[in-house]
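Written below as structure tokens is the structure these notes are about.
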Amino acid sequence: MKRDIRQPMPHPDVIVEKRDAVFQGYFQVDRWQLRHRIDGDAWSPPLVREVFERGHAVAVLPYDPVKEKIVVIEQFRMGSLAAGRDPWMLEIVAGIIEPHEIADPVAVAARECWEEIGTEVRDLFEVLTYLPSPGAVSETVTLYCGRVDSDLLPQAAGNTDEGEYIRILTLSFEEVEAALAAGRFENSLMLIAAQWLLLNRKKVQDHWRVPESAPDKQA
């Protein structure tokens, strides 16, 4: 079973003196007081840092290797509106890992695909794990790539009980390259996934290629 990644690992170069939850809602904000090693045996003075605790997440880049189409979604994002940007963003599938799901993030990834693009994703494999905003947020995102049949996609999906209204789109590699060049992708999940696939296109296609049957040998 995987370690509960909501809990920080002890570090020999960090002394945590105090940690308090200063806000507890759907998400949580913790205030830390700590010192860390700065050079050799020297230590920093006590530092106070506030950390936004939103848990950890999975993201999925759904890809149809037969038609060479990437599946993306478009939905309203409050943070983008608050930042003065267009609140309807092009994204990939993503979702929060609940505490009881830490041991099986692949199942979370598969479920999120059903909810957000309305079809099954197959052959999920892990690409990487990264921190979108490590200066003040503890969240990690584990990115997966998964195989889909783009002919089976509905036009829209999402859990309307949770305020999700999702439009489903497919992009060719040429359209992805043009969107990157034009700055249309404005979130790290979409940017990292799109650039990773452009760099690893052949590797992914080879990974999913069905080997041809060997010819029968003549007696």
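The values are calculated or read from the model by the stated rules, or taken from the named source; none is laboratory data. Worth saying up front: this structure is predicted, and the values here are computed from it rather than measured. Cβ sites come from the backbone with ideal geometry, for glycine too, and all protein chains shown count toward neighbours. Accessible surface areas use protein heavy atoms only, side chains included; no ligands, DNA or RNA. Shrake-Rupley method; radii C 1.70, N 1.55, O 1.52, S 1.80 Å.
Residues to consider are Ile73, Ile102; find the one that is in contact (Cβ under 8 Å) with a residue 24 or more places away in the chain and in contact with a strand residue (DSSP E or B) (Cβ under 7 Å, 6 or more places away or on another chain). Show your work before the answer.
Numbers: Ile102 fails: in contact with a strand residue (DSSP E or B) (Cβ under 7 Å, 6 or more places away or on another chain).
From the options Ile73, Ile102, the qualifying one is Ile73.
Cβ-Cβ contacts under 6 Å between residues 6 or more apart (or on different chains), taken from a first residue in the stretch 12-24 that is under 7 Å from Leu34 (Cβ atoms) to a second residue that is of a type in the set (D, E, K, R), are listed as Ile15/Arg35. Among residues belonging to the stretch 34-67 that are under 30 Å from Val106 (Cα atoms) and among the aliphatic types (A, V, I, L, M), point out the one that is farthest from the chain's Cα centre (by Cα). If we take residues in the stretch 34-67 being under 30 Å from Val106 (Cα atoms) and among the aliphatic types (A, V, I, L, M), then Val66 is farthest from the chain's Cα centre (by Cα).
Taken over the stretch 163-219, the residue count meeting the criterion of being open to solvent by 60 Å² or more (accessible area, probe 1.4 Å), of a type in the set (S, T, N, Q) and modelled with pLDDT of 95 or more is 1.
Could you please give the count of residues in the stretch 1-35 that are of a type in the set (Lys, Arg) and at pLDDT below 90? First the steps, then the outcome.
Looking only at the stretch 1-35, we keep the residues that are of a type in the set (Lys, Arg), and these are 2-3, 6, 18-19, 31, 35.
Of the ones still in play, those that are also at pLDDT below 90 are 2-3, 6.
So the count comes out to 3.
With a requirement of 1 or more residues that are under 18 Å from Tyr130 (Cβ atoms) and open to solvent by less than 70 Å² (accessible area, probe 1.4 Å), the strands (runs of 3 or more DSSP E) lying completely within the stretch 1-111 that satisfy it span 47-53, 56-64, 88-91, 93-97.
Taking the stated definitions as given, is Gln33 farther than 15 Å from Val141 by Cα, free of Cβ contacts under 8 Å to residues at least 40 places away in the same chain and out of contact with any strand residue (DSSP E or B) (no Cβ under 9 Å at 6 or more places or on another chain)? Taking the combined requirement at face value, the residue does not satisfy it.
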